Amino acid sequence: MSSTGMLSGTSQNTAPHWDPAAVRQLVEARLDDHLTTPAGVPATLSGAMRHALLAPSKRVRPVLLFLVAEPEEGQTQTVLDVGCAVEMVHTASLILDDLPCMDDAQMRRQRPTTHVAFGQATAILGAIALLTRAFGIIAGLDDVPAPTRARLAQVLADAVGWDGLVAGQEIDVNGRSAVVEPLQIDQLNWLKTGVLFVAAAEMGAILRGLEDDKIASVREFARHFGLAFQTADDLLDKSSVAVAGKDVNKDADKTTLVTLFGAGKAEQTCRQHIADAEAALLASGINAAPVRTLMARVLEAGRMTQK
């Protein structure tokens with residue numbers, strides 16, 4: 001089945017090349033636009049959403065989506081909006097992940113976690129508001145055909161749902177003691193991180209109008225990229241708050257590749273995922289250069305600055 005023509009009334013033969021740093025700036029500006037709140041929104045709720053969403057971050061997922069979509073002039077804002085929706089879902093998941101009943105984290109993205117700054121109730125409501133705002137953005141993409149909007153929403157819903165991020169968090173909180181083998185760790189990392197990486201890349205491929213076989217390669221690339229990212233983040237847990245920009249040593253009593261086999265083995269696994277990601281990236285046919293630049297900037301094994 002073909003996915004051609006996802007952005008209505010446009011051609012995709014001469015898409016420009018983008019630098020990830022420039023795309024990140026575009027994402028930051030558009031996120032701020034989306035947090036312009038209507039009258040009647042409580043200041044505390046708006047403040048909590050801005051505190052979490054606009055905190056310093058590499059914006060890996062929306063930038064990845066953008067680089068895969070590689071929009072032409074006139075398509076940029078639509079693709080940015082879809083990337084913002086993904087970032088809102090990701091940020092909502094971090095707010096919930098940091099709660100006292102979950103990881104009980106005090107720092108995230110170089111600032112106090114949302115529940116520390118605004119209280120648990122407002123943090124939870126802020127997460128719900130970001131989730132609903134994300135799907136509202138996708139529903140409101142007037143220049144994208146309705147079947148494509150539905151497909152984008154389905155991909156994102158599947159990633160965040162009971163067999164995606166939510167499942168990963170449940171295992172992490174209440175089933176982590178049963179995770180004792182490398183394949184189980186990979187599966188947990190897939191649920192906690194990989195699914196949203198794949199969703200972001202797949203949504204970019206859908207917007208670009210790639211054929212299904214190419215979308216499969218994009219998904220495979222993003223799966224390995226996400227697993228490498230999570231492994232590097234597990235390595236980062238052994239650093240410091242100043243380096244990580246968030247709480248560290250949170251995995252001391254959890255089974256990760258680092259705690260199970262040590263940093264050397266974890267780094268080797270991370271490198272293998274990067275190699276597998278590179279192979280799938282080449283098979284996808286998308287412009288690989290800016291994506292490689294993004295990977296290089298966020299995958300310095302164990303030395304990322306923000307999740």
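Identify, from the list 255, 231, 269, 193, the residue that is modelled with pLDDT under 85, in a helix (DSSP H, G or I), surrounded by 15 or more Cβ atoms within 10 Å (Cβ to Cβ) and over 20 Å from the mean Cα position of the chain (by Cα).
On the way: 255 fails: in a helix (DSSP H, G or I); 231 fails: over 20 Å from the mean Cα position of the chain (by Cα); 193 fails: over 20 Å from the mean Cα position of the chain (by Cα).
From the options 255, 231, 269, 193, the qualifying one is 269.
Filter the range 77-114 down to residues that are under 14 Å from the mean Cα position of the chain (by Cα) and among the polar types (S, T, N, Q) and give me whichever is surrounded by the fewest Cβ atoms within 10 Å (Cβ to Cβ).
93
When you check residue 35 against the structure, is it surrounded by fewer than 21 Cβ atoms within 10 Å (Cβ to Cβ), modelled with pLDDT of 95 or more and over 14 Å from the mean Cα position of the chain (by Cα), yes or no?
no
Run down 69, 52, 21, 29 and say which single residue is modelled with pLDDT of 95 or more, of a type in the set (A, V, I, L, M, F, W, C) and surrounded by fewer than 18 Cβ atoms within 10 Å (Cβ to Cβ).
Working: 69 fails: surrounded by fewer than 18 Cβ atoms within 10 Å (Cβ to Cβ); 52 fails: surrounded by fewer than 18 Cβ atoms within 10 Å (Cβ to Cβ); 21 fails: modelled with pLDDT of 95 or more.
Every option except 29 fails the conditions.
When residue 153 is evaluated against the numbered criteria (1) free of Cβ contacts under 8 Å to residues at least 24 places away in the same chain; (2) within 22 Å of residue 170 (Cα to Cα), which criterion, by number, is the only one it fails?
Of everything listed in (1) free of Cβ contacts under 8 Å to residues at least 24 places away in the same chain; (2) within 22 Å of residue 170 (Cα to Cα), residue 153 misses just condition (2).
The values are calculated or read from the model by the stated rules, or taken from the named source; none is laboratory data. Owing to the predicted nature of the structure, the values given are computational and were not obtained by experimental measurement. Backbone-built Cβ (ideal geometry, glycine too); neighbour counts: all protein chains shown.
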